[in-house]
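A quick write-up on the structure given underneath.
The values are calculated or read from the model by the stated rules, or taken from the named source; none is laboratory data. Since this is a predicted model, take the numbers as computed values, not measurements. Every residue, glycine among them, receives a Cβ derived from its backbone with ideal geometry; neighbour counts consider all protein chains shown.
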Amino acid sequence: MLDTLMTFVKNILKTRTIPLILIYSVFSVVLVYKVFTIQVVRQEELTKNTVNNEEITRETKATRGNIYDCNGVLLASNRLSYNVTLQDYKAFKTDEEKNAMIIKLIRIIEVNGGKLYPEFYIEKDKKGKLRFTVEGTAESRFKRDAYMSTSIEKLTTAQRNATAAEVFEHLRHGKYMFDISDEYSIDDALKIMTIRFALLLNTYNRGNPILVATNVNEKIVAAVLENSSDLPGAEIAEHTYRYYNDSKYFAHIIGYTGNVNEGEIAEDKEHYYNTTDQIGKIGVEYSFEKYLRGKKGSEKATLNSDYYVTGVENVSTPKAGDDIYLTIDSKLQKICYNILEKELAAILLSKIHNSASYGGKGKNAYDIKIPIYEVYNALFDNGAIDLERLEKKKAGKVEKAVFSKFKKEESSVLKKLKNLLQINSVSKERDNKTISEYMDYIYTYVKNEKLIDVTLVNEDDINFKDYIAHKKSLGEFLKYAVSNRWINLPKLDIGSEYLSTDEIYKILLNYIFDNITSDLQFKKIIYKNLIFNYEISGTEVSLILFSQGFLKEDEKAYRNLLNGSLSPYTFIKSKIKSLEITPANLALDPCSGSMVITNPNNGDVKALVTYPSYDNNKLANQIDAKYYAKLSTDGSYPLINRPCQQKTAPGSTFKMVSAAADLSTGAIGDHEKIYAKVLFTKTDKPPACWSNVPHGNIDIRTAIEVSCNYFFYEGGYRMSLDSEGKYNSKLGLEKLNKYAAMFGFKKGTTSGVELYEYEPSISDTDSVRSSIGQGSYAFTPTQIARYTAAIANKGTLNYLTVIKEIKDIKGNTVKNTVSNSKNKKTPQISLRPDVWSVIRDGMYLAVNGSRSSHKELFKKVKNLIAGKTGTAQFSKQRADHSLFTSYAPYKKPKISVTCVIPNGYTSGNAASAVADFYEYYFGVEDEEALNKKAVKDKVKNIIAD
């Protein structure tokens with residue numbers, strides 16, 4: 001049996017199939033082993049290495065530091081939100097697929113109340129024409145990127161001069177561009193182009209997605225997630241956005257953040273920023289950007305061939321930005337803002353009268369009245385009444401009636417203007433004041449629209465001079481401009497075809513009259529003339545304020561306005577008094593002001609108030625374009641940081657500098673008395689005192705008390721006398737400016753506050769007038785505040801600061817004002833003790849003396865305040881500027897307050913606002929009583945300087 005089995009095995013082994021079977025078996029075992037190894041043992045390793053993977057390092061954002069007031073009250077912080085982002089994956093084979101996905105994403109965002117984040121610099125105007133939204137260098141940069149050039153200089157002439165329509169067409173159908181089908185409307189194509197252009201700019205940073213929409217609502221989040229399978233690359237990402245508490249009170253101090261622009265990236269030597277970053281734009285957010293921004297972290301992302309992220313590995317953790325504590329006391333800041341608003345309203349109410357006449361305009365600045373019709377017009381002109389809403393189908397009955405009057409007048413005006421531009425009659429253009437205004441605006445419109453290149457206009461040209469002098473008509477001048485090639489022909493869509501001057505002029509007129517009716521300012525001029533011609537009534541204006549929701553519903557007032565039992569004059573004044581219509585809404589003189597409160601012993605700024613203000617939340621993160629446009633055209637100029645960026649002549653607040661110069665140079669003795677007349681006749685063009693009655697025989701203390709111009713004219717005159725006794729204004733100015741510089745008033749020197757601030761202007765004319773703060777002196781309120789603080793502390797010219805300290809996330813102090821001051825040597829003003837005594841005594845008497853014009857204002861805080869008023873003449877066409885600067889308590893100063901009200905009529909108005917503050921500060925009135933305090937009835941203004 002065994003032999004038989006062995007024989008069988010031997011015979012099998014001799015066959016040829018056995019080796020094949022063995023080989024097959026071995027290979028099968030190896031194959032199974034390899035498959036097991038690939039699928040189980042080395043799956044993760046091989047997956048990484050078989051997808052054509054690419055590793056990129058991408059950043060992780062740092063949390064921005066918070067901003068607090070001096071008491072730890074939170075003013076600026078970060079809030080959690082959601083963004084829609086888009087990664088440029090290669091999931092689409094064609095542009096058509098990509099564009100379809102993008103428009104679907106856009107629809108989801110817009111239908112649910114969101115808006116696109118990326119900036120794109122072409123838009124469609126109301127006439128349906130494409131135009132650039134930027135100009136100059138920004139436009140050139142946009143064209144550089146659109147044509148994928150490495151630099152602006154390498155753009156071709158055609159590319160450099162390309163119109164918005166040409167750039168649009170290039171991006172839509174150009175080679176290697178977006179291939180956006182003509183089936184999409186221009187509006188939709190622009191939206192797709194916005195996203196595609198952002199992706200194009202992000203080509204070399206594909207690992208980081210672009211932002212499509214920021215701070216989106218829950219509906220958008222849900223819709224994007226639900227449609228994720230159809231939106232490859234689109235994701236919802238957690239994000240923080242900047243938020244400001246009580247924004248209007250602190251906007252100018254704190255500023256706001258915004259998307260970093262190309263210019264900022266170009267200037268970024270550290271290469272910290274990219275196009276998805278936020279950066280401080282103005283204010284503390286800008287000045288202390290490097291502290292607030294923190295430090296970015298990074299992570300490694302693995303991308304497959306389609307740029308999908310297949311893995312993420314953390315490299316470094318971001319470091320949160322430092323927190324900033326301001327010297328500002330938020331409570332004082334709010335109180336001062338409200339005091340200023342009430343004071344401005346009170347001044348307006350004292351000047352508004354039921355007439356169309358301006359009173360003393362052009363004769364006496366103090367006597368300028370505000371006609372109620374100017375108030376009615378201001379409600380149209382400054383945007384309280386929305387002109388676009390008057391044109392809507394859903395407009396109310398009164399709105400429609402007013403708009404009907406507008407259309408009728410518009411038609412009549414256009415007919416007259418077209419005729420005048422054809423017949424070119426100077427007399428007919430200028431004989432009628434209203435027509436003259438329209439013609440002047442047409443030239444302004446031509447310049448604004450860049451229909452004429454002002455850089456080519458030769459202002460010495462006799463034809464230009466004749467037009468400005470009203471010796472040539474506008475039509476004649478425009479024809480001359482055409483013949484001299486001053487006209488922007490590409491703007492008029494004139495090609496290379498040769499046209500005569502008359503033909504081009506006709507095309508120019510057609511452009512003007514086809515487009516000017518969409519111009520907001522042109523519409524405002526028509527409404528103004530309708531109001532002043534009594535065709536739009538005050539009652540209609542008042543009723544529109546109700547129908548547009550500007551004023552809260554008041555059925556009784558509405559009914560009484562309709563039946564005539566309530567006059568619009570009385571009604572509007574009542575709304576100003578209740579601050580339902582604010583000075584900022586009207587933008588009439590005065591509509592603005594500033595207050596600066598400092599600690600005179602160390603330079604800490606406790607309040608830095610600008611009125612009017614704005615909501616910086618609407619400018620932060622992503623600018624609300626409509627809101628920004630309104631701010632930019634607002635006649636009250638709310639974007640100006642008035643304590644730092646509005647210079648006025650200091651007026652009589654400068655007289656303490658003059659006193660220091662007079663006494664220190666020996667021009668006037670400490671106890672010397674001068675008989676002060678009204679008219680100073682020792683120089684040409686004799687200047688007068690503010691008072692019509694001589695101040696009599698007075699010394700320098702009393703001269704400060706009564707603010708006698710004549711006395712200080714005499715001091716300025718004496719300092720200007722040379723060795724031969726001849727008057728030399730330059731000599732007097734040198735002495736005066738030497739002492740002005742000691743108090744911080746010199747070129748190149750500012751107050752030290754860590755915000756953008758204008759430099760002081762130093763007088764270079766008329767030493768006599770300069771001695772009372774006129775000449776060509778002009779200072780900011782911060783500079784006047786610093787100077788006053790130095791008087792309060794007898795000579796230490798502390799630099800002002802809004803920064804108390806900076807702390808890191810662990811609470812460790814990074815920087816404080818004490819350590820900062822060591823790097824800046826504080827100037828000391830060297831004056832004799834008797835000079836300090838005279839100046840301080842004079843300021844005390846100016847508030848409390850028997851001859852003080854303002855002692856009644858400060859009777860509730862009697863003997864506590866030392867101060868000085870100032871009235872700076874602007875022109876006889878507008879009211880004078882009102883100033884008051886002070887410190888308290890007089891014997892041991894703890895606080896200094898400066899108030900400036902541009903076009904505030906008299907210094908007593910600024911003093912009145914400061915008196916209200918001191919009543920709160922010294923406990924005469926608590927915060928609740930102060931807030932409830934009604935707008936004053938200024939029966940009689942204080943007129944003393």
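List of remarks:
- Qualifying residue in segment 807-816 (condition: surrounded by fewer than 19 Cβ atoms within 10 Å (Cβ to Cβ), over 12 Å from D604 (Cα atoms), within 29 Å of the chain's Cα centre (by Cα) and touching a residue at least 60 places away in the same chain (Cβ under 8 Å)): yes
- Of the residues screened, V924 is not one that is closer than 29 Å to G775 by Cα and either crowded, with 20+ Cβ neighbours inside 10 Å or more than 33 Å from the chain's Cα centre (by Cα) (or both).
- Per-region count, segment 769-793, residues in a helix (DSSP H, G or I) and more than 27 Å from the chain's Cα centre (by Cα): 8
- Subset of segment 224-261 that is more than 30 Å from G136 (Cβ to Cβ) and of a type in the set (G, A, S) - its residue that is surrounded by the fewest Cβ atoms within 10 Å (Cβ to Cβ): S229
- Enumeration of residues in segment 124-166 that are surrounded by 14 or more Cβ atoms within 10 Å (Cβ to Cβ), in contact (Cβ under 8 Å) with a residue 40 or more places away in the chain and touching a strand residue (DSSP E or B) at 6+ places or on another chain (Cβ under 7 Å): K124, L130, A164
- Residue within segment 231-247 that is in a helix (DSSP H, G or I), under 30 Å from E754 (Cα atoms) and modelled with pLDDT of 90 or more present: yes
- Residue match in segment 262-273 (condition: buried (at least 17 other Cβ atoms within 10 Å of the Cβ) and among the aliphatic types (A, V, I, L, M)): no
- Qualifying residue in segment 729-744 (condition: in the same structural domain as S767 (by TED's automatic domain parsing), surrounded by fewer than 23 Cβ atoms within 10 Å (Cβ to Cβ) and over 43 Å from the mean Cα position of the chain (by Cα)): no
- Looking at D453, D466, D493, just one residue is acidic (D, E) and in contact with a strand residue (DSSP E or B) (Cβ under 9 Å, 6 or more places away or on another chain), and that residue is D453.
- Candidate set from segment 870-879 (those that are of a type in the set (S, T, N, Q) and part of a loop (DSSP other than H, G, I, E, B)); member that is farthest from T906 (Cα to Cα): Q877
- Taking helices (runs of 4 or more DSSP H) as the structural unit, those lying wholly within segment 270-382 and holding at least 3 residues that are in contact with a Ser or Thr (Cβ under 9 Å, 6 or more places away or on another chain) and at pLDDT 90 or above correspond to 330-351, 372-381.
- The number of residues in segment 565-574 that are farther than 15 Å from K351 by Cα and touching a residue at least 24 places away in the same chain (Cβ under 8 Å) comes to 3.
- Boolean, S882 is surrounded by 24 or more Cβ atoms within 10 Å (Cβ to Cβ), touching a strand residue (DSSP E or B) at 6+ places or on another chain (Cβ under 9 Å) and not in a helix (DSSP H, G or I): yes
- Exactly one residue among L474, L489 is surrounded by 19 or more Cβ atoms within 10 Å (Cβ to Cβ) and within 36 Å of the chain's Cα centre (by Cα), and that residue is L474.
- Hits in segment 164-203 - residues which are touching an Asp or Glu at 6+ places or on another chain (Cβ under 9 Å) and on the phi > 0 side of the Ramachandran plot: D179
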